[in-house]
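Reading through the structure tokens given below for one structure.
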Amino acid sequence: MNNPLPGKSNCRACRRGFDQRDARRWLIHHCGEVHGFGFSTIELMVVAGMVITLTAIALPTFFSVVASAHLRGGMNDLSGLFQNARNIAVRQNTISRVRFQVSGGECFAYVDNGANPTGLTSTVPQLSLPRQFTKVSPPSGSGAPTPLTATTCGANSLSTLDTTDDTYFSGVGLPCQYSSGSCSGTQAFAYYFNYAASSGGTRWTSICVSPGGRMTTWYWNGVSWTN
């Protein structure tokens with residue numbers, strides 16, 4: 001009959017404290033050689049290879065998702081600034097304008113009085129677009145996105161789409177054509193931006209202001225504009 005694992009009453013080892021070496025000797029005596037538990041070098045290399053492969057596959061998708069979120073976040077902030085300009089015009093019964101200006105290598109959009117502009121100062125509502133954004137001219141040429149139309153921006157087929165001038169809002173909150181202190185008629189506006197993704201490549205985006213004062217952001221997916 002095999003001897004039981006030494007206990008306090010029948011094991012000399014217990015008198016000096018049972019330790020791992022005593023346990024190993026007992027296991028070798030009764031069960032044969034004891035092998036260590038753990039992973040072999042080959043197993044670890046296989047697991048490491050799988051982790052590296054999965055990471056390489058997932059990283060491009062991860063960077064693309066982050067870039068899309070950053071791009072949309074910047075355009076949503078810009079849309080909010082346009083809406084703020086419209087609210088100021090209605091609340092103060094005045095003419096407000098949205099203007100873009102590059103300062104210190106950054107593109108700023110700000111709101112001031114359309115009839116008596118103050119320019120970009122610390123007191124006017126303003127937004128600093130992330131450095132990945134660059135305000136650009138309407139797309140043209142081979143490989144460039146199809147330019148937006150007045151109809152796409154919420155105007156009828158007889159309306160024009162202004163892509164050059166500042167956006168002005170009248171006292172009733174409608175985008176208008178400004179001239180000599182007055183803002184008359186209604187006008188649709190559109191502005192284009194390039195976004196330089198950290199993972200490489202350039203994305204096109206745009207913001208439209210419809211004649212009714214509705215702001216819409218657009219994103220070029222390589223085939224068409226979506227929002």
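A quick yes/no check of all residues on (1) under 33 Å from the mean Cα position of the chain (by Cα); (2) modelled with pLDDT under 60; (3) over 29 Å from TRP220 (Cβ atoms); (4) open to solvent by less than 50 Å² (accessible area, probe 1.4 Å):
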residue	(1), (2), (3), (4)
ASN3	no, yes, yes, no
ARG12	no, yes, yes, no
VAL46	no, no, yes, no
MET50	yes, no, yes, no
HIS70	yes, no, no, no
GLY74	yes, no, no, yes
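Quickly run through the range 80-106 and pick out the residues that are polar (S, T, N, Q) and farther than 18 Å from THR134 by Cβ. If you could, list the steps in order and put the result at the bottom.
Of all residues in the range 80-106, those polar (S, T, N, Q) come to 83-84, 87, 92-94, 96, 101, 103.
Result: GLN83, ASN84, ASN87, GLN92, ASN93, THR94, SER96.
In the range 117-135, what count of residues is obtained for those that are closer than 14 Å to ARG99 by Cα, surrounded by fewer than 14 Cβ atoms within 10 Å (Cβ to Cβ) and β-branched (Val, Ile, Thr)?
The qualifying residues number 2.
Can you pull out every residue in the range 210-225 that is β-branched (Val, Ile, Thr) and at pLDDT below 95? Talk me through it step by step, then tell me what you get.
Here is the first cut: in the range 210-225, the residues β-branched (Val, Ile, Thr) are 216-217, 223.
Once the filter is applied, which keeps residues that are β-branched (Val, Ile, Thr) and at pLDDT below 95, the range 210-225 yields only VAL223.
Where residues in the range 157-176 are open to solvent by 50 Å² or more (accessible area, probe 1.4 Å) and in contact (Cβ under 8 Å) with a residue 12 or more places away in the chain, which of them is nearest to the chain's Cα centre (by Cα)?
Of everything passing the filter in the range 157-176, ASP165 is nearest to the chain's Cα centre (by Cα).
Which condition does ILE207 not pass, out of (1) hydrophobic (A, V, I, L, M, F, W, C); (2) open to solvent by 30 Å² or more (accessible area, probe 1.4 Å); (3) modelled with pLDDT of 95 or more, if it passes all the others?
ILE207 satisfies every listed condition except (2).
In this structure, is ALA150 modelled with pLDDT under 95, under 22 Å from ALA67 (Cα atoms) and surrounded by 15 or more Cβ atoms within 10 Å (Cβ to Cβ)?
No.
The values are calculated or read from the model by the stated rules, or taken from the named source; none is laboratory data. Every value quoted in this text rests on a predicted model; they were computed, and no experiment measured them. A quick note on method: Cβ atoms are made from the backbone with ideal geometry, for glycine too, and the neighbour counts reach across all protein chains shown. What goes into the accessible areas is simple: the full protein's heavy atoms, side chains included, and nothing from ligands, DNA or RNA. Shrake-Rupley method; radii C 1.70, N 1.55, O 1.52, S 1.80 Å.
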